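Below is one structure; the comments refer to it alone.
The values are calculated or read from the model by the stated rules, or taken from the named source; none is laboratory data. None of the values given here were measured: they were computed from a predicted structure. No Cβ is skipped: glycine too gets one built from the backbone with ideal geometry, and neighbour counts run over all protein chains shown. Heads up: the accessible areas ignore ligands, DNA and RNA and are worked out on the full protein's heavy atoms, side chains in. Shrake-Rupley method; radii C 1.70, N 1.55, O 1.52, S 1.80 Å.
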Amino acid sequence: MAGILVKCLFFFVSLCLAINLAKCIPNTKKTYIIQMDKWAKPDVFIDHVKWYSSLVKSVLPSTPEGEKTGDEEERILYSYQTAFHGVAAQLSEEEVKKLQERNGVLAVFPEIKYQLHTTRSPLFLGLDREDSSKLWADRLSDHNVIVGVLDTGIWPESPSFNDTGMTSVPTHWKGVCETGRGFEKHHCSKKIVGARVFFHGYEAASGKINERGEFKSARDQDGHGTHTAGTVAGSVVRGANLLGYAYGTARGMAPGARVAAYKVCWVGGCFSSDILSAVDQAVADGVNVLSISLGGGVSSYNRDSLSIAAFGAMEKGVFVSCSAGNGGPDPISLTNVSPWITTVGASTMDRDFPATVKLGTGKIVTGASLYKGRMNLSTQKQYPLIYLGSNSSSLMPSSLCLDGTLDKASVAGKIVICDRGISPRVQKGQVVKEAGGVGMILTNTAANGEELVADCHLLPAVAVGEREGRVIKRYASGRNATASLRFLGTKLGIRPSPVVAAFSSRGPNFLTLEILKPDMVAPGVNILAGWTGALGPSSLPIDQRRTNFNILSGTSMSCPHVSGIAALLKARHPDWSPAAIKSALMTTAYVHDNTYKSLKDASSVTPSTPYDHGAGHINPRKAVDPGLIYDIGAQDYFEFLCTQELSPSQLMVFGKFSNRTCHHSLANPGDLNYPAISAVFPEKVSVLTLHRTVTNVGSPISNYHVVVSSFKGAVVKVEPARLNFTSKNQKLSYQVTFKTISRQKAPEFGSLIWKDETHKVRSPIAITWLASP
């Protein structure tokens, strides 16, 4: 009998596979974000949430008796009602198809997984100078600005969030302090004014959060969120340091601003439905600035849920700053490229943490390190040196020091050379240490170039550039190679600086060449800021060290610099729009380093371009008084979308909230009143005219004249060449005509600058000639 049952079961399964396995197994459910037309709600529903629930219920399967299954409430993860309208729900593909046919459904987006883009900077930016306070508003006025940080949460005990001397929480604030394991009401304060968690999308995709191993609350176990929040608005902390490195006074960009923590990232990543809910809630809570140091690739504007939510936030007057990504130096590696988002790349500062490698030949190679621990190598002794790769450019698992690839008998008692790539830098050191190695030399590959990122390793370790790395590896291939390591602490006044970080993602903007991205660069290499008490500075579970501060690198670190400066500008100019703040930051940015030469690209040590640095490096002391601004309203951004070949239904995802329609006021995408200018010549087009309008935010009587770069491939004419303002907030327009004289194979770059006696209002220019397909 048992044999017959087994044969029947085998036959049934085989039949399923032969016909269509998906038809024999109930459709698997996935998370989808459903955008709704809020104005299409039937009058029979008392609110939108009831309507959304009814729509989801209408596509669910029925029981044999014809009744609905009753799990529509469990299917719905979130309802969105402020910056975005709709729901996130778990549905099968068949249910999604049915739902898309329902009246009022604008779009359906599948869940997307996002990743985090992971002091000295206030002084480097000129915010700690004695005369800088004169530039900003009264010291208490920025207390009314609230920055929402979407990240891994916050460690409230960090000294960066001390609220001593702060005024009462602003009356416009509607946020709350959600409690959970390790996070109680008292953890919020006049500095941390709100804390919320968003995990339904994550749990739907990854299963329930293990509450023993992870805080299912706003408490930050990762450290990334505490670091970004501290960079934005950390209070002044004297004597801040990481194991003695970078000793000094730490402060955020806007130390008087408030922080609201929105935890959207967990051990397994960050999911779009959670991020969207956090943006929606943050705008409803009353944030003025949103700082989002994460990204998930590039989708078309109408398919990018974060872009759509950011559009809604912009409509409500919220400035949105996002990291550009860490995909550099590869071109077209940017994320978060929508024009209403401020996209921030990363650059270095004039501070470094030098360390040296002394080879047996006596040659000394300079690198970087943040090592400080019990394992110390004698500087008077040489240690055996080994490289487990080949002399060719191809990397091997053992040369990358991947887990389980090092032979203990070969590396015990030696300094091991490890190539960057595949695994985290600090993890390579752990692998070396567990195999018995006494030290590590971490060598850059061609992708990293000569950029040095310091790490808090578990064993003595020094990072070196690619060229020096090749020298060391050649030496190690000989007999009886030896080396010693030395750590030199903190060094200031590094030249040249700033330099565009090799890892910082690059343009051009894949979606729209006419929108030049990134928008700007800001400090993002070796940044000291607050840290979690749940994890050591290396972020490795085995690391038992605990510190109040940590040094991290990434566009995740540069983004909150801009978010904090935006908070300062909002306090100084409360009537400025998000576009006005962005314009002030872009047109006052500089494109030279502290040797008065053009900004350089760390990956190639050659001059960088606007595809690398955008408008340039932020200059907050100038941004407070930019002279002129390029303002853009929500309808202007919508007009830009009308040039992007989107269908009426695709445009509705942006226009339905305010019943927007296309007025076709832009001749082409390049006519958006953006602070950067990108002229794109299609084939057979030789003349192109772009238009801009500037608003006078300086002295009522102001007279500007224009200076524009010369180009090999085109002649540029600006009309009029002078702008004479007679009142504050007056708007004047001009046009820029590009006439091709010789089509170039590569883009050309330059600038357009409006000058008066005080201001230089600079816009980067890119000219691109498209070749035939």
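Quick notes
- Applying the Karplus relation 6.51 cos²θ - 1.76 cosθ + 1.60 with θ = phi - 60° to region 271-284 yields 3J(HN,Hα) values of 10, 4, 5, 5, 4, 4, 5, 5, 4, 4, 6, 4, 5, 5 Hz, where x marks Gly and Pro.
- Sequence-distant aspartates and glutamates (8 or more away, or on other chains) whose Cα lies within less than 20 Å of Lys491: Asp128, Asp350, Asp352, Glu450, Glu451, Asp455, Asp593
- Rounded to whole Å, sorted largest first: equivalent-ellipsoid semi-axes of region 525-584, Cα gyration tensor: 34, 11, 7
- Summing Cβ point charges (Lys, Arg +1; Asp, Glu -1) relative to the Cα centre of the chain gives a dipole of roughly 2100 debye.
- Taking other residues whose beta carbon is less than 14 angstrom from the beta carbon of Pro578, and scoring Lys, Arg as +1 and Asp, Glu as -1, yields -2.
- Region 570-625 versus region 167-216: alpha-carbon centroid distance in Å: 34 Å
- Surface analysis of region 354-487 yields an accessible area of 44 Å² per residue, using protein heavy atoms and a 1.4 Å probe.
- Total formal charge among the other residues, if their Cβ is under 13 angstrom from that of Tyr611, Lys/Arg +1 and Asp/Glu -1: -3
- Potential extension, Thr405-Arg181 segment - 0.36 nm per residue separation minus Cα distance: 76.7 nm
- Dividing the mean sequence gap of close Cα pairs (under 8 Å, 6+ apart) by how many residues region 354-487 holds gives a relative contact order of 36 percent.
- Taking one quarter of the surface of the C-alpha convex hull of region 354-487 gives a mean projected area of 6.9 nm².
- Full extension of the chain segment joining Glu683 with Thr661 gains 4.9 nm, where the gain is 0.36 nm per residue of separation less the Cα-Cα distance.
- Bridge type composition, region 354-487 - antiparallel percent by DSSP, nearest 5: 55 percent
- Size descriptor, Kirkwood hydrodynamic radius, that averages inverse alpha-carbon separations across the chain, Å: 27.9 Å
- Packing around the peptides 294-305, 105-116, 724-735, taken as the average count of other Cβ atoms within 10 Å per residue, puts them in this order, highest first: 294-305, 105-116, 724-735.
- Among Thr689, Ile386, Ala679 - extreme Cα towards positive end, dipole of the chain, charges at beta-carbon: Ile386
- Per the Debye formula on identical point scatterers at the alpha carbon atoms of region 591-684, with no solvent, log10 I(q)/I(0) at q = 0.16, 0.18 Å⁻¹ is -0.88, -0.96.
- Rounded to the nearest 20 debye, dipole of region 354-487 from Cβ charges on Lys, Arg, Asp, Glu: 460 debye
- Given Lys30/Lys190; Lys372/Lys597; Lys41/Lys316, the pairs whose alpha carbons are separated by over 32 Å: Lys30/Lys190; Lys372/Lys597
- Its relative contact order, with pairs defined as Cα atoms under 8 Å and 6+ residues apart, puts region 294-429 at 15 percent.
- Heavy-atom SASA rank of Cys270, Cys662 (probe 1.4 Å, accessible area, largest first): Cys662, Cys270
- Spatially, region 668-684 and region 696-773 are offset by 12 Å when compared through their Cα centroids.
- Distance from the alpha carbon centroid of region 643-667 to that of region 505-534 works out to 29 angstrom.
- At R0 = 35 Å, FRET efficiency that the Cβ-Cβ distance of Ser58 and Lys174 yields, to 0.05: 0.60
- Looking at region 295-337, the accessible area is 25 square angstrom per residue; that uses a 1.4 Å probe and ignores ligands, DNA and RNA.
- Listed residues Thr693, Thr361 arranged by accessible area, highest first, probe 1.4 Å: Thr361, Thr693
- Expressed as a whole percent, the accessible surface of the chain that belongs to carbon and sulfur atoms is 52, based on a 1.4 Å probe.
- Taking every DSSP bridge with both residues inside the chain, close to 65 percent are antiparallel.
- Local net charge near Asn673, Cβ-Cβ under 15 Å (Lys/Arg +1, Asp/Glu -1): -3
- With the simple spin-label model, which puts each label point 7 Å out from Cα in the Cβ direction, the Lys98 to Ser604 separation comes to 5.5 nm.
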